[in-house]
Ligand code: UDP
């Protein structure tokens, strides 16, 4: 990757910051573009002194032309947690749809390959388990999750159309739930909420009866998968699921977090949010076949690393126990 130039939109976010580090470690020049709406300087401040790293404060809903060579673009820019993306649904839609179009135009002009961080949310509340890339999803245009689900679907369509009509070299990863260091403690995701609650002695908030399932992928595995897709030997223009097929109910996750943190916190049941998907598990046979990729980090092991990270974050902010 020496001297190759990689633009990472959303580079100050959870996954984006890991991608910045991944490419810097491999000798690439990294341009991190972020408007810091959900990304955090804290995730990239240790990279700012590296001469091959550049941070650009920019909102991708505005066109972007940096006037320099760019070989690869990765679009990670979007608020990803339900409370965050629902807080300003129109901004969420604009960031994902208009932002994707602006980056696709940049990729076309620069002759760069561009990878879209799509999502398991394109499957909505799925009727089949596990979800294959061929499954069209059970989604709707209305409802609190639509601003994210439908805009991610529209963004995929833009990617395919820029490829078919204009020859842009695209990759589309459908990312399933991912966790690990650099998550925002206040993001509202289930893994960050449970660990922060357990470490600070507060009750773990299980929404609904906790029987809904998710499959949790550790961040290191996800970065390996994303970069394998970006640099695959064969061209893969169709979407590829990336995630860990290990499926856990939310109640199971709560119990595992309590064990791993050795916390005495209780479990508190809260109302299930509207349109909360009941099941989610990726079929990753396509990624296994085409990328020779499979996640390797078991849930408990990944959680241990994540607990160490959150414990340090809480210590830094000296948050009182409620
Ligand atoms: N969830 C929960 N307690 C929380 C946060 C989330 O029980 O404090 C549930 C949520 O209702 C969903 C699952 O955990 O069923 C995963 O939620 P998350 O927001 O992490 O991701 P997504 O719903 O987008 O998969």
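Assorted remarks:
- Computed on the Cα atoms alone, the convex hull of region 76-173 gives a volume of 94 cubic angstrom per residue.
- Estimated from the Cβ-Cβ distance and a Förster radius of 41 angstrom, the FRET efficiency linking residue 308 and residue 94 is about 0.65.
- Rg/Rh for region 87-128, where both radii come from Cα atoms and Rh is the Kirkwood radius: 1.11
- Rg(Cα) / (2.2 N^0.38 Å) computed for region 242-298, rounded to two decimals: 1.51
- Rounded to 5, percent antiparallel among DSSP beta bridges of the chain: 10
- Percent RCO, i.e. relative contact order, over region 99-148, from Cα pairs under 8 Å lying at least 6 residues apart: 25
- Distance from the Cα centroid of region 189-251 to that of region 78-121 is 19 Å (rounded to whole angstrom).
- When peptides 120-130, 172-182 are ranked by their average number of other Cβ atoms within 10 Å per residue, the highest-first order is 172-182, 120-130.
- Percent breakdown of C-alpha pair distances by 5 Å bin, ordered from the shortest bin, for region 1-134: 2, 10, 21, 21, 19, 14, 8, 4, 1, 0
- 0 to 90° range, to nearest 10: angle between helix 14-25 axis and the chain longest Cα axis: 50
- Gyration tensor (alpha-carbon) shape descriptor, region 1-55, a/c threshold 1.5: prolate
- Take the Cα of residue 127, go 7 Å toward its beta carbon, and the backbone nitrogen atoms of region 137-177 under 12 Å from that spot belong to 137-139.
- Computed extension gain for residue 290 through residue 252, at 0.36 nm per residue and net of the alpha carbon distance, reaches 10.5 nm.
- Shape call, region 135-266: gyration tensor on alpha carbons, a/c limit 1.5: prolate
- Taking all Cα pairs closer than 8 Å and separated by 6 or more residues, the relative contact order of region 236-322 comes to 41 percent.
- The Rg/Rh ratio for region 210-322 is 1.05, where Rg is the radius of gyration of the alpha carbons and Rh is the Kirkwood radius.
- Note on region 26-83: semi-axes of the ellipsoid equivalent to its C-alpha gyration tensor, largest first and rounded to whole Å, are 20, 16, 11.
- The fewest-to-most ranking of 26, 270 by surrounding Cβ atoms within 10 Å reads 270, 26.
- Relative contact order (percent, whole number), the chain, Cα cutoff 8 Å, 6+ residue spacing: 17
- The simple spin-label model puts a point 7 Å past each Cα toward its Cβ; for residue 49 and residue 26 those points are separated by 2.6 nm.
- Helix 146-166 and the longest principal axis of the Cα set of the chain meet at an angle near 20°.
- Angle of helix 299-317 to the longest C-alpha principal axis of the chain, folded into 0 to 90 degrees and rounded to 10: 90°.
- Set the Cα radius of gyration of the chain against 2.2 N^0.38 Å, with N its number of residues, and you get 0.96.
- Tail weight of P(r) past 11 Å, computed on alpha-carbon pairs of region 160-207, percent: 74
- Cα gyration tensor category, rounded, prolate or oblate, for region 200-264 with a/c compared to 1.5: prolate
The numbers here are math on the coordinates, done by the rules we state, and not lab data. Model, not experiment: these values are computed from the prediction. Because the Cβ atoms are built from the backbone with ideal geometry, glycine has one as well, and the counts that use them run over all protein chains shown.
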